[in-house]
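S.K.: There's a structure below that I have some questions on.
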Amino acid sequence: MPKLFSILSALLMILPLSAELVSYADKVVVLEIGEKALVNKQSFKFWQRTLARVNEEGAKAVIFELDTPGGLAFDTKDLMVNELRDLEVPSYAFIDDEAISAGAMISIACDEIWMTPGSTIGAAAIINGNGVEIEKVMRGKLESFFDANIRAVTKDKGHPTEIVQMMMFIDDERVRRYGPAKVQKGKLLTLTASEAVQQFKGKPLLAKGIAESREELFQKLGFTAEDVVVAEQTGFESLAWHVSAWSSLLILIGVGGIYFEMKSPGFGLGIAVAAAAFGVFFFGNFVAGNLAGYEVVAVFVLGVIFVILEIAIFPGMIMGIIGGCMMVGALLFSMVDRFDFKRLGEQDFFTGEKFSVVDVFFFPLLSLAIGLVGGLGLILLMIKYLPNLPIPGFVLKRTIGAGGSVAQVDSAVEELEGQVGVATMDLRPAGKIAIGETIYDVITKGEFIEKGSSVRIVAKEQMRTIVEKA
């Protein structure tokens, strides 16, 4: 019993790993979007999580500081029409040098656009990521889809739809104009800062104004340096995204550590390894934007409690099965992308089919299967080789965890075959027996043996002691 509860105590140490440290309450949150940021899916997860915190914690405003040639079209569209449209505080785009392609799309999804002198915005045509020309029908389909989203976003934010359409869509038939802006046949519109702030119909063409620096922008918007928090990916976040990619390996290590601990009473190394593996697993997947939060970790720990109760107090398999399912379910959901999970039931643009459970759970299920099968393989290797390894300070011993102290015995080397003892609990088929004052973990050949029955040890195989009713 003390050993089992030491396992639970170690696993409970996982819970604090999901804590957020910096508050955005009443702050101006700056998100820096650099040259390669829009081609990294993890960046979008970071921004989505940051904007969710902006709403939850009551920030004062958000500023996107952009210097980017563009990036992923559909991820940018999702950021525009979901997170930015749902933002509950003012949003500003500050273009420092260039906001091209996807950078321009993020800019027009903000309430106001500000630019540095000589900076540019535009050239937002949809292109294939591998450089291959998009087929005509598919291009028409894509442009129609994006045009609908652009019309909705520009209407919400008060930007001229015509300007954005001239940036996104090529027209080979005519010269297009909107106020002082003009684009030739077969070309896309790109505006400089001085062009973007020109007046048309009583308001700026696209950009609200020009600021030399971030500090000047804060001054013009009425913010002070004390108001500002720059949202940055911490070293832990960067590490965690790499860790989440190795989730199956961490599951394997965690399963192996738990088994090692159960077979090495009083040693402690196994549970330390298991707690570290599962702690890193949950932390990494939480920071990477998956569903690994306090709730999922709590389900995992509750599953561990059920398994402990099954082994130590209420043998009968039911609690063990429930606990095992809870642990496996928690591991699975921890690897599910939070934003993919939200898309369940939505229609896929290219296929027309709804975003299904298979789309969301396939890779988490694959990682879970690899981890569990690998863990089983590791257990089999330990059963075969561990008793024979010369591990310093390690002996396989069995002790009674409660009541008076009893003698200890090296069960890895003592000759036990033929000895008779008494079942101290129901053997279903695993359990404990007493031979004199010594307690042994045993397993039957499959039959159930009631508590108090006489049993005989019939075989000692590596780390298993096999008994039958005497």
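S.K.: Using amide H atoms built 1.01 Å from N in the peptide plane, name the residues 5+ places from Val29, or on other chains, whose amide H lies under 5 Å from its own.
M.R.: Residues meeting the amide H criterion: Lys60, Ala61, Val62, Ile63, Val229.
S.K.: Cα to Cα, under 15 Å, and not fewer than 8 places away if on the same chain: which aspartates and glutamates meet these conditions relative to Lys155?
M.R.: Hits, sequence-local ones excluded: Asp86, Asp111, Glu112, Asp147.
S.K.: Report the extension gain between Arg174 and Glu162 in nm, rounded to one decimal, defined as 0.36 nm multiplied by the number of residues separating them, less their alpha carbon distance. Could you put the intermediate results ahead of the total?
M.R.: Working: separation 12, 0.36 × 12 = 4.32 nm, distance 1.43 nm.
Roughly 2.9 nm would be gained on extension.
S.K.: From the square roots a ≥ b ≥ c of the eigenvalues of the alpha-carbon gyration tensor of region 87-163, which class results: rounded (a/c under 1.5), prolate (a/b over b/c), or oblate?
M.R.: In terms of gyration-tensor shape, oblate.
S.K.: Here are some pairs, Lys445/Lys469; Lys60/Lys220; Lys77/Lys141; Lys136/Lys182; Lys157/Lys342; which of them have Cα atoms lying more than 19 Å apart in this structure?
M.R.: Distance filter (> 19 Å) returns Lys136/Lys182; Lys157/Lys342.
S.K.: Could you give the length gained by full extension between Thr424 and Trp246, i.e. 0.36 nm per residue of separation minus their alpha carbon distance, to one decimal place?
M.R.: Once the chain is fully extended between Thr424 and Trp246, it gains 59.9 nm.
S.K.: Using packing as a proxy for protection, rank 361-368, 283-290, 246-253 so that the peptide with the highest average count of other Cβ atoms within 10 Å comes first.
M.R.: Result, highest mean Cβ count within 10 Å first: 283-290, 246-253, 361-368.
S.K.: Moving to a separate point now. Between Lys451 and residues 5 or more places away or on another chain, which pairs have amide H atoms under 5 Å apart, with H built 1.01 Å from N, and which residues are they?
M.R.: HN-HN under 5 Å from Lys451: Asp426, Leu427.
S.K.: Based on the mean of other beta carbon atoms within 10 Å per residue, what is the order of 425-436, 292-303, 103-114, most packed first?
M.R.: Ranked from most to least packed, the peptides come out as 103-114, 292-303, 425-436.
S.K.: Is the shape of region 134-258 rounded, prolate or oblate, going by the alpha carbon gyration tensor and its root eigenvalues a ≥ b ≥ c, with a/c under 1.5 for rounded and a/b larger than b/c for prolate?
M.R.: oblate
The numbers here are math on the coordinates, done by the rules we state, and not lab data. For clarity, every value in this text was computed on a predicted model and none was experimentally measured. So basically every Cβ, Gly included, is an ideal-geometry build from the backbone, and we count neighbours across all protein chains shown.
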